[in-house]
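Following: one structure in structure tokens, then a few remarks.
The values are calculated or read from the model by the stated rules, or taken from the named source; none is laboratory data. Since this is a predicted model, take the numbers as computed values, not measurements. Backbone-built Cβ (ideal geometry, glycine too); neighbour counts: all protein chains shown. SASA here: full protein model, heavy atoms, side chains in, ligands and nucleic acids out. Shrake-Rupley method; radii C 1.70, N 1.55, O 1.52, S 1.80 Å.
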Amino acid sequence: MDDAHDHAAPGYAATKDAQLRRLRRVEGQVRGIARMVEEDQYCIDVLTQVSAATKALQAVALGLLDEHLAHCVADAVTEGGPEREAKLREASAAIARLVRS
């Protein structure tokens, strides 16, 4: 693991159980979509469920990003130095990936 990711606990440590619950819910939604396709359900109904799963996964991503900014990035900004710049660049890249998705 490189130095930029080497730390005691992830920013989402306090909300880990909630994040896992959300991810398990998304996992169930995706399994349901697969069943719909297996059962030859109507295209629009499948697409509606894909949209719902996508939104749920985006909500998880935004929650993780919020935790990262509030903890990892905030701590790095307080410490200053090269870690500050690295965390800011990393957060900016993560936001760009989310916006494109």
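For the reader, a short list of remarks on this structure follows.
- Along each principal axis, taking the top coordinate minus the bottom one, the Cα set of the chain gives 56, 27, 22 Å in descending order.
- Taking every C-alpha pair closer than 8 Å and separated by at least 6 residues, the mean separation divided by the residue count of the chain gives a relative contact order of 32 percent.
- Förster radius 25 Å - calculated FRET efficiency between GLU83 and ALA59, Cβ distance, rounded to 0.05: 0.30
- Solvent-accessible area per residue in the stretch 10-53 equals 74 Å², computed with a 1.4 angstrom probe and all protein chains kept.
- Computed over the chain, the per-residue total of -39500 (n - 2.57) for DSSP H runs of n ≥ 4 gives a 222 nm mean residue ellipticity of -25500 deg cm²/dmol, rounded to 500.
- When peptides 89-96, 9-16 are sorted by average Cβ neighbour count within 10 Å, with the highest value leading, the order is 9-16, 89-96.
- Where labels lie 7 Å past Cα in the beta-carbon direction, separation of LYS16 and THR48 in nm: 3.8 nm
- Sulfur and carbon atoms: percent of accessible area, the chain [1.4 Å]: 57 percent
- Computed as a quarter of the hull surface, the mean projected area of the alpha carbon convex hull for the stretch 6-61 stands at 4.6 nm².
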